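Only one structure is covered here, and it is reproduced in the block below.
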Amino acid sequence: MSTVKLSQLKLGPNVRKTYKPDAIAEMADSIKAVGVLQNLLVRPARKGYEVVFGGRRYKALQMLLKAGQIAKDYQVPVEIRKLDDAEAARLGLIENLFREDMEPLEEAEAFYELVQKGISVADLALQTGFSERLIRQRITLAERLHPQVKELLREDGLTLEQAQTLTLVDPEDQVALLENWGEDFDPDALRLSLRHSVLTVGNAVFTLSQYEGAIVEDLFGDAEAHFADQAQARRLQLEAVALIKAKLEAQGFDPVTLLQQHGLPRWAFRAPTEGEGKGGAVVNVHPNTLKVEVLEGVVSSQPTPPTVSMPGPRGAGSGVGGGEEPRPRPPLTRKGAAQAKNLKSLALQRALLGGQGGIHAALALAVLGLLGEREVYLHDSRERSSDDKGLLDPAARAVQERFVSRLPQTRMGEGGLELGVSGDALAVFKALAELPRGELEALFVALLAGRIGSWNERYSYQPTTRDSHLAVGLAQHLGAQLAWKDVPPEFWQSFSKERVAGIVGDFDPAYAHIPFSSRKEAVGTLLELAKVKPEQPLPEELQFQSHSAGVQQMPPVAEEAQGEELEAA
């Protein structure tokens, strides 16, 4: 062991980036009282020596020097070794890992740096005692987090779990996501959102060797691996769907129908009868995840559904016949999307309160809730048991039975008239709304009477506007509309500057390419235009999407984030 002057030492590129001031102050007090009890590991530098490990002791000595309690020539015990950069980093990492818990991000950056210098994950595991999985997790933090996100994690602005979840998002999108979701976002909610919005490797129907980008794996949870380059993967997916359609046609299925719904509506198709031939095929592409489902040898049991166009060869545009790519719509902020839903809900509430038709619709909604929700009030909840099937007065049953054939997808269960598990709430609502008032009231009373004393936990259904299919049907029934006069100015503050600019461009093409300097400027322009044409149609996000009877092409969900890969023909 040797000693060198404090003035000859400088701190090397230590793996530890943060030092707790209180811990440094306590160490300074100890050194002042009893001296440096353990030597620092140093290596020769161009001038003096570089501290490989012992950074906290060096910081404590500097604190004492600044306070005038030791001199520059204070003799510091050191061990001098000739080390290259990789070996110095490895020894510094190991020393810090065993002497004091490092921050996860410091570990991440240290492991990443060592791997970049050629040390394998397996060797790091042997030398540090950490599992290979943990080391890979730490390296993922270093590789996949945006610098601003790293800084938030370092300053405790984010939890480790939040940072781990953000590695599933492209680094360039992480800052914008935090602006929209807030720094207190729920990691589970983000995972769920990604699960319902990205194309995963498991859902790909194209040959994976065609994909030239990276694949994002979830080392911190159970999310399925997805493609980092979603634009490339989604293009390959849609090209593959076009090939699937062509193959089905070549096999003699006629027609081959392309749908864009959140699930393949199997109930809307049946097997062909004698004389209907081989039947057709249905290819459904989920509007967000692009998951593909195929149904062969079927005919429609509903009116012919509209098809959707598919991309042609690469570079030929989005339609089968080519053409220009559709202009992508700028994204909504998370708050803006929530505000848009709230605005439509308020419009429905106003329409429901607006007159005689609203009263009849409200009664139909109440009956719909009674058809689906069978858990009811008990005289004494302690008497409830698994054998309790509920009571139904014969008179109430007789009234309910009259409506089984008149209400689609309903049935008589043990507790009375009920909506089938896979029943279409909108279809039942329409049938209820068409009933004369007296019959609707009689059914309401009979269902409500049947609730008294009954109990069934099989399922619970409540007709709310969260069921977008039902909400749209209700809006159409009530004639609910949204006009510019219904939108308060502060509403637009919930939208991103880019989205407001997009709305301005949709409103008046003359403004389509104006570079607004701020959201306030874009909102001001939008409000001025709205004064001129208050009845101008609102953006799609604020319109009730139209639904036709039977099978329909569902409007894309979150299309502001995903784009419209499939368009109505």
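The values are calculated or read from the model by the stated rules, or taken from the named source; none is laboratory data. Since the model is a prediction, treat every value here as computed from it, not as a measurement. We place every Cβ from the backbone using ideal geometry, glycine too, and count neighbours over all the protein chains shown. The protein model used for the area step is the full one, side chains on, heavy atoms only, and it has no ligands, DNA or RNA in it. Shrake-Rupley method; radii C 1.70, N 1.55, O 1.52, S 1.80 Å.
Estimated from the Cβ-Cβ distance and a Förster radius of 25 angstrom, the FRET efficiency linking Asp170 and His196 is about 0.90.
The mean of 1/r over all pairs of different alpha-carbon atoms in segment 469-517, once inverted, gives a Kirkwood hydrodynamic radius of 13.1 Å. Net length available on complete extension from Asp184 to Arg406 is 74.9 nm, with 0.36 nm assigned per residue and the Cα-Cα distance removed.
Full extension of the segment from Asp123 to Ser301, taken as 0.36 nm per residue of separation minus the current Cα-Cα distance, would add 57.8 nm.
Close amide H pairs (under 5 Å, H built 1.01 Å from N) link Leu219 with no residue at least 5 positions away or on another chain. Largest to smallest in accessible area, the residues Met102, Met412 fall in the order Met412, Met102 (1.4 Å probe, all protein chains included).
In segment 2-165, Cα pairs under 8 Å separated by at least six residues give a relative contact order of 23 percent. Approximating the spin labels as points 7 Å out from Cα along Cα→Cβ, the Lys533-to-Arg437 distance works out to 4.1 nm. For the pair Thr273 and Thr3, label points projected 7 Å from Cα toward Cβ lie 10.5 nm apart. Applying 1/(1 + (r/R0)^6) with r as the Cβ-Cβ distance of Glu79 and Asp156 and R0 = 22 angstrom yields a FRET efficiency of 0.05.
Across segment 247-300, C-alpha contacts under 8 Å between residues 6 or more apart give a mean separation that, scaled by the residue count, equals a relative contact order of 39 percent. Ordered by 1.4 Å accessible area with all protein chains kept, Leu482, Leu346 run largest first as Leu346, Leu482. Extending 7 Å from Cα along the Cβ direction at Glu212 and again at Asp22 yields two label points whose distance is 5.5 nm. Amide H contacts under 5 Å for Val256: Ala281, restricted to partners 5 or more places along the chain or on a different chain, H placed in the peptide plane at 1.01 Å from N. Past 26 Å, Cα to Cα, is the threshold; run Lys430/Lys485; Lys150/Lys335; Lys32/Lys72; Lys72/Lys150; Lys66/Lys117; Lys344/Lys531 against it and keep the listed order. In this structure, Lys430/Lys485; Lys72/Lys150; Lys66/Lys117 lie more than 26 Å apart at Cα.
If I take R0 = 45 Å and measure r between the Cβ atoms of Arg46 and Ser518 in this structure, what FRET efficiency does the formula 1/(1 + (r/R0)^6) give, to the nearest 0.05?
0.35
Equivalent-ellipsoid semi-axes for segment 179-313 (Cα gyration tensor, √(5λ), whole Å, largest first): 33, 18, 12. For segment 2-165, the pair-distance distribution built from all alpha carbon pairs, in bins 5 Å wide starting at 0, is 1, 8, 17, 18, 17, 15, 11, 8, 3, 0 percent. All C-alpha to C-alpha distances of segment 93-224, sorted into 5 Å bins beginning at zero, yield P(r) values of 2, 9, 19, 20, 18, 15, 11, 5, 1, 0, 0 percent in whole numbers. Of Met27, Met63, the order by accessible heavy-atom surface (1.4 Å probe, DNA, RNA and ligands excluded), from most exposed downward, is Met63, Met27. So if the hydrodynamic radius of segment 247-300 is defined as the Kirkwood radius over C-alpha pairs, what does Stokes-Einstein give as its diffusion coefficient at 25 °C and 0.890 mPa s, in µm² per second? Answer from the Stokes-Einstein relation: 216 µm²/s.
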